[in-house]
Amino acid sequence: MTGSFLVFAQTLCHDYLMLFNLFKRRPQGPDFSDIKSLEDARTAAKSGRLRAIFIVPQLLGGVENPANVLYVPDSVAGLKDRADDAVFAAAQAGKVARYECTPQYEGDSFVPVALQIEALDSAGNAVVSHRIGIWGTGREE
């Protein structure tokens with residue numbers, strides 16, 4: 001009787017977890033998990049699904065180089081432009097010693113799920129800090 005009760009309890013727990021997963025909050029919005037290479041990203045950019053942007057923009061000293069390029073949706077490009085404009089204004093005021101744009105990835109997608117943009121002063125304190133959620137779990141935080 002103990003063995004059959006254990007099997008019953010395990011089945012009940014499994015069924016409960018499966019039901020719980022049905023109601024678990026799932027990321028909303030676009031899904032770029034199918035873009036797994038530079039070639040996929042370039043194809044998506046040609047079709048208008050993505051847009052190439054600079055990680056470090058040219059107005060902040062970035063260079064036109066494949067290592068300085070990300071592929072993101074057009075709406076995200078606009079958000080990054082606004083964040084970079086805020087960094088540029090702070091830099092013009094002499095408040096910025098260092099700029100960082102850190103893409104965050106999930107799985108093997110070539111498109112980041114989020115961007116963390118920061119301008120730091122000479123003491124390492126954030127003068128400007130923006131997080132841009134792009135897709136998947138990046139939009140949850």
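Some notes on this structure:
- For THR102, neighbours were defined as the other residues whose beta-carbon sits under 10 Å from its Cβ, and their charges (Lys and Arg +1, Asp and Glu -1) total -1.
- Packing-based order for 127-135, 82-90, 39-47, using average beta carbon neighbours within 10 Å, highest first: 127-135, 82-90, 39-47
- The GluC sites (Glu not before Pro) of the range 58-133 meeting both criteria, a DSSP state outside H, G, I, E and B (loop) and at most 10 other C-beta atoms within 10 angstrom of the site's C-beta, are GLU64.
- With both labels modelled 7 Å from their Cα along Cα-to-Cβ, the GLN116 to ALA67 distance reads 2.2 nm.
- Note on LYS36: aspartates and glutamates with a C-alpha under 12 Å away, same-chain residues under 8 apart excluded, are GLU106, ASP108.
- Potential extension, ALA90-ASP74 segment - 0.36 nm per residue separation minus Cα distance: 3.3 nm
Values quoted throughout were computed directly from the atomic coordinates according to the rules given, and no laboratory measurement underlies them. This is a predicted model, so every value here is computed, not measured. Ideal geometry is used to build each Cβ from the backbone, glycine not excepted, and the neighbour counts take in all protein chains shown.
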